[in-house]
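Trainee: Sending over a structure as structure tokens; questions will come in a sec.
The values are calculated or read from the model by the stated rules, or taken from the named source; none is laboratory data. Since the model is a prediction, treat every value here as computed from it, not as a measurement. Cβ sites come from the backbone with ideal geometry, for glycine too, and all protein chains shown count toward neighbours.
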Amino acid sequence: MKKISTATGSIAYAKYQLRRSILESALENDYLETDHKEALDYFRGCAFCGNTNTSRMDHLVPVISLGDFIRANVVPACQVCDDSKGQKDYQEWMRNSTSPKSLQNRKFSNQYIKQRIKMIEKWSGGYIPKTEKQLFGQHYDIYINILNKMDALCNEARVLVDKVKSQGKRQVERTDGVVADKIRLYAIEHYINPARKKNEKAISIRSGDIHTGMGLHQNHANVCQALRGEKFQQQANVKLLSESGPNAGGNTYFRYRL
């Protein structure tokens, strides 16, 4: 089964979020209600597709690319366009994106897309964002120092996470090892030794019987692994003659020569 991962749980996202928060706080924030009303009147809906359900206000130049929250850089957008575009360059996304919710896949014509791009260009009036050096000016070195400290913290965090994961893996291995030892001893005491006392030449052991007898829970894989292993054969002084059934189930049978 495929694992589900979360971007917000990643160390890389923490670094991204810090930088974005700094930029968002330092950039211009001068978008007014009157600007939004005029934008809605001008675009007659979403700036990208024309949908009249405009629940978003989207940066043409994203915050992470130093886009200010001002009239020239903000347009009304529907949720579909805003989510699909994300942090991409709006013109590149409008013209070339083939993502599931792109304008191309929603069957907007090239002519319509060109028309919407011209409207956006007229609205933005040639807006060009500042560079980081222009934005932070004499404080640019402080900004870079903060990002470098965040890099160092992220590296420390990765080392910590690796240690925790390694520790957890060792604990699982130790636990599995203890369980396997108990399985081998149980099989010897309850199956191998009694069969030898009866002078039997061979014996079959069903993994599910061991599992039930020991009161284990969802541990068939460990039982099967222990019973087929060289360590058990040496410890019990037996030879595995055959194995039948599923690889790690309750109806796996192991036949040994005593």
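Trainee: Given the conditions (1) over 19 Å from Asp83 (Cα atoms); (2) in the same structural domain as Tyr112 (by TED's automatic domain parsing); (3) free of Cβ contacts under 8 Å to residues at least 12 places away in the same chain, and given that Thr52 satisfies all but one, which numbered condition is not satisfied?
Mentor: For Thr52, the failing item is (1).
Trainee: Which residues, counting only those in the stretch 116-156, are farther than 25 Å from Ala77 by Cβ, under 32 Å from the mean Cα position of the chain (by Cα) and not hydrophobic (A, V, I, L, M, F, W, C)?
Mentor: Within the stretch 116-156, Thr131, Glu132, Tyr143, Asn145, Asn148, Lys149, Asp151, Asn155, Glu156 meet the criteria.
Trainee: Residue by residue through the stretch 194-220, note down the ones that are touching a helix residue (DSSP H, G or I) at 6+ places or on another chain (Cβ under 6 Å) and assigned to a loop (DSSP other than H, G, I, E, B).
Mentor: Met214 - this is the single residue of the stretch 194-220 that is touching a helix residue (DSSP H, G or I) at 6+ places or on another chain (Cβ under 6 Å) and assigned to a loop (DSSP other than H, G, I, E, B).
Trainee: Here's a check for you: in the stretch 61-85, which residue that is touching a residue at least 24 places away in the same chain (Cβ under 8 Å) and exposed (fewer than 15 other Cβ atoms within 10 Å of the Cβ) is nearest to the chain's Cα centre (by Cα)?
Mentor: Start the filter on the stretch 61-85 by keeping residues that are touching a residue at least 24 places away in the same chain (Cβ under 8 Å), which leaves 61-82, 85.
Still in the list and also exposed (fewer than 15 other Cβ atoms within 10 Å of the Cβ): 64-65, 79.
Details: Ile64: 21, Ser65: 24, Gln79: 23 Å.
Out of the qualifying residues, it is Ile64.
Trainee: State which residue is farthest from Ile64 (Cα to Cα) when the search covers only the stretch 95-137 and only residues that are touching a residue at least 60 places away in the same chain (Cβ under 8 Å) and of a type in the set (A, V, I, L, M).
Mentor: In this case the residue turns out to be Met119.
Trainee: Which condition number in (1) basic (Lys, Arg); (2) over 30 Å from Ala14 (Cβ atoms); (3) part of a helix (DSSP H, G or I) is the one that Lys165 fails?
Mentor: Exception for Lys165: condition (2).
Trainee: Answer with yes or no whether Tyr186 is over 30 Å from Tyr13 (Cα atoms), surrounded by fewer than 16 Cβ atoms within 10 Å (Cβ to Cβ) and aromatic (Phe, Trp, Tyr). Break it down stepwise before answering.
Mentor: Values: over 30 Å from Tyr13 (Cα atoms): yes; surrounded by fewer than 16 Cβ atoms within 10 Å (Cβ to Cβ): no; aromatic (Phe, Trp, Tyr): yes.
For Tyr186, the condition - over 30 Å from Tyr13 (Cα atoms), surrounded by fewer than 16 Cβ atoms within 10 Å (Cβ to Cβ) and aromatic (Phe, Trp, Tyr) - is not met.
Trainee: Hydrophobic (A, V, I, L, M, F, W, C), under 22 Å from Leu135 (Cα atoms) and either surrounded by 13 or more Cβ atoms within 10 Å (Cβ to Cβ) or modelled with pLDDT of 95 or more (or both): is that true of Phe43 in this structure? Before you say what the answer is, go through the steps one by one.
Mentor: Working: hydrophobic (A, V, I, L, M, F, W, C): yes; under 22 Å from Leu135 (Cα atoms): no; either surrounded by 13 or more Cβ atoms within 10 Å (Cβ to Cβ) or modelled with pLDDT of 95 or more (or both): yes.
So Phe43 fails the test.
Trainee: Right, here's the next one. Quickly run through the stretch 199-258 and pick out the residues that are acidic (Asp, Glu) and farther than 13 Å from Tyr186 by Cα.
Mentor: From the stretch 199-258, those acidic (Asp, Glu) are 200, 209, 230, 243; that's our starting set.
Matches in the stretch 199-258: Glu200, Glu230, Glu243.
Trainee: Here's a follow-up. Given the condition on the phi < 0 side of the Ramachandran plot and not in a helix (DSSP H, G or I), answer yes or no: does some residue in the stretch 141-153 qualify? Full working, then the answer.
Mentor: From the stretch 141-153, those on the phi < 0 side of the Ramachandran plot are 141-153; that's our starting set.
Cutting the leftovers down to not in a helix (DSSP H, G or I) gives us none.
No, the stretch 141-153 contains no residue that is on the phi < 0 side of the Ramachandran plot and not in a helix (DSSP H, G or I).
Trainee: Under the condition of being touching a residue at least 12 places away in the same chain (Cβ under 8 Å) and among the hydroxyl-bearing types (Ser, Thr, Tyr), which residue from the stretch 29-49 is farthest from Lys114 (Cα to Cα)?
Mentor: Tyr31
Trainee: Among all residue pairs at least 6 apart or on different chains, which show Cβ distances below 7 Å where the first residue, located in the stretch 206-220, is not assigned by TED's automatic domain parsing to the domain that holds Arg184 and the second is of a type in the set (A, V, I, L, M, F, W, C) and assigned to a loop (DSSP other than H, G, I, E, B)?
Mentor: Filtered contacts from the stretch 206-220: no entries.
Yes/no per residue for (1) closer than 18 Å to Pro62 by Cα; (2) assigned by TED's automatic domain parsing to the domain that holds Ala47; (3) exposed (fewer than 14 other Cβ atoms within 10 Å of the Cβ):
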| position | (1), (2), (3) |
| --- | --- |
| Arg106 | no, yes, yes |
| Ser109 | no, yes, yes |
| Ser124 | yes, yes, no |
| Lys149 | no, no, yes |
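Trainee: Considering (1) more than 18 Å from Glu24 (Cα to Cα); (2) outside any helix (DSSP H, G or I), say which one Lys118 fails and leave the rest.
Mentor: For Lys118, the failing item is (2).
Trainee: Identify all residues within the stretch 49-84 that are aliphatic (A, V, I, L, M) and part of a strand (DSSP E or B); write none if there are none.
Mentor: In the first step, residues of the stretch 49-84 are kept if they are aliphatic (A, V, I, L, M); the result is 57, 60-61, 63-64, 66, 70, 72, 74-75, 77, 80.
Scanning the stretch 49-84 gives Met57, Val74, Val75, Ala77.
Trainee: What are the pairs, 6+ residues apart or on separate chains, where a residue within the stretch 138-151 that is among the hydroxyl-bearing types (Ser, Thr, Tyr) has its Cβ under 8 Å from a residue that is at pLDDT 95 or above?
Mentor: Close Cβ pairs (under 8 Å, with a partner that is at pLDDT 95 or above) amount to Tyr140/Glu132; Tyr140/Lys133; Tyr143/Ile22; Tyr143/Glu132; Tyr143/Phe136.
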